[in-house]
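Remarks on the structure that follows.
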Amino acid sequence: MSLTLIIGTKTWSSWSLRPWVAMKEAKLPFKEIVIHLRQTDTRARILEYCPAGKVPILIDGRDMIWESLAILDYLAARFPEAKLWPHDFAALACARSVSAEMHSGFPDLRRELPMDIGADLPTPTLSPAATADVERVQAIWRDARSRFGGAGHFLFGRFSNADAMYAPVVTRFRTYNIPVDPVCAAYMLAVLSLHSMTEWYRAADEEQIE
Ligand SMILES: N[C@@H](CCC(=O)N[C@@H](CS)C(=O)NCC(=O)O)C(=O)O
């Protein structure tokens, strides 16, 4: 097995965090290549690997996978023992749906609460659209936790791809001190307590940001 994950600057690259945290939690060994974002050569450097021009990119031997959700799906199929999607069909239906909703949605939340992982910033006044996004995310977390969380600490009990998809949102809520209900606060704590998240935060802290 030869896996390489190409990612962006850890402080900012929310999309990169998703497969990275899943691979760490699945204990898959991989080589990491960081391409610094917001540089004059960023796009050219990404294009050296993938014509889509975005990170993350996973290289598995001769195969290349791009788009964060496609990478997570691929990892679940390639390494079934990692159990990156829930096994139960009701849970799987919900996990895939909320992951796809995250992948394609929440543009206002993304724009108004950009990932800035180590920062501790005042809560901004959000637009009605971003406020609705924040409420929808919390409704998703509450629903998954109550229906599928069981004795585990994550959306579907044990860590899954759905948690990987929402991990950057957890960091955004923390950075901007977004008020959340107790169920969501407990879920955020579980995500932020993952070894992989601690490792990502530490590495982000050591980045030279220009
Ligand atoms: N839909 C893509 C979005 C990827 C994306 O937008 N990545 C950003 C970094 S977080 C990027 O590569 N930007 C290119 C650039 O800054 O030139 C995914 O799910 O992977």
**Sulfur and carbon atoms: percent of accessible area, the stretch 1-50 [1.4 Å]** = 48
**Request:** Please figure out what share of the DSSP beta bridges in the stretch 1-106 is antiparallel and state it in percent, rounded to the nearest 5.
**Result:** 60
**Rounded to whole Hz, the Karplus (6.51, -1.76, 1.60) HN-Hα couplings of the stretch 19-29, x for glycine and proline** = x, 4, 5, 5, 5, 5, 5, 7, 6, 8, x
**Complete:** Note, the stretch 83-98: 3J(HN,Hα) by Karplus (6.51, -1.76, 1.60, θ = phi - 60°), whole Hz, Gly/Pro = x, goes 6, 6, 10, x, 7, 5, 5, 5, 5, 4, 4, 6, 4, 5, 5, 5
**Fill in**
Normalised per residue, the volume inside the convex hull of the alpha-carbon atoms of the chain in Å³ amounts to 121
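Counting only protein chains, not ligands or nucleic acids, how are Arg110, Arg38, Arg158 ordered by accessible area (probe 1.4 Å), most first?
Of Arg110, Arg38, Arg158, the descending order of accessible area is Arg38, Arg158, Arg110.
Suppose we keep just the DSSP beta bridges with both residues in the chain; what percent of those would be antiparallel, to 5?
Expressed as a percentage, antiparallel bridges in the chain total about 65.
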**Item:** Accessible area expressed per residue, the stretch 3-82, with surrounding protein chains retained (probe 1.4 Å, Å²)
**Value:** 46
**Fill in**
Under the Karplus relation with 6.51, -1.76 and 1.60 and θ = phi - 60°, whole-Hz ³J(HN,Hα) for the stretch 140-156, x at Gly and Pro, equal 4, 4, 4, 5, 5, 4, 6, 8, 10, x, x, 7, x, 9, 10, 4, 10
**Electrostatic dipole magnitude of the chain [Cβ: Lys, Arg +1; Asp, Glu -1; Cα centre; debye, to 20]** = 300
**Message:** Beyond a 19 Å Cα-Cα separation, which of these cross-linked pairs lie in this structure: Lys27/Lys83; Lys24/Lys83; Lys10/Lys83; Lys31/Lys83?
**Reply:** Lys10/Lys83; Lys31/Lys83
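Could you give the accessible area per residue of the stretch 128-210, probe 1.4 Å, as a whole number in Å²?
Normalised by residue count, the accessible surface of the stretch 128-210 is 45 Å².
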**Asked** Mind checking which of Glu81, Glu25, Glu67 has the largest fluctuation in a GNM of the chain, springs on alpha carbons under 10 Å?
**Response** Glu81
**Asked** Rounded, prolate or oblate: which fits the stretch 3-82 when a ≥ b ≥ c are the square roots of the eigenvalues of the alpha-carbon gyration tensor, with rounded for a/c under 1.5 and prolate only if a/b beats b/c?
**Response** prolate
**Item:** Within the accessible area of the stretch 58-126 (1.4 Å probe), percent carbon and sulfur
**Value:** 58
**Item:** Expected 222 nm ellipticity per residue - DSSP helices of 4 or more, -39500 (n - 2.57), all of the chain, to 500
**Value:** -15500 deg cm²/dmol
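Between rounded, prolate and oblate, where does the stretch 101-210 land on the alpha carbon gyration tensor, with a ≥ b ≥ c its root eigenvalues, rounded for a/c under 1.5, else prolate if a/b exceeds b/c?
Here the stretch 101-210 falls in the oblate category.
The values are calculated or read from the model by the stated rules, or taken from the named source; none is laboratory data. Note that the coordinates shown come from a computational prediction; the quantities given were computed from them, not determined experimentally. Cβ: placed from backbone, ideal geometry, glycine included. Neighbour counts: every protein chain shown. Each accessible area value is taken on the protein alone, full model and side chains, heavy atoms only, with ligands, DNA and RNA left out. Shrake-Rupley method; radii C 1.70, N 1.55, O 1.52, S 1.80 Å.
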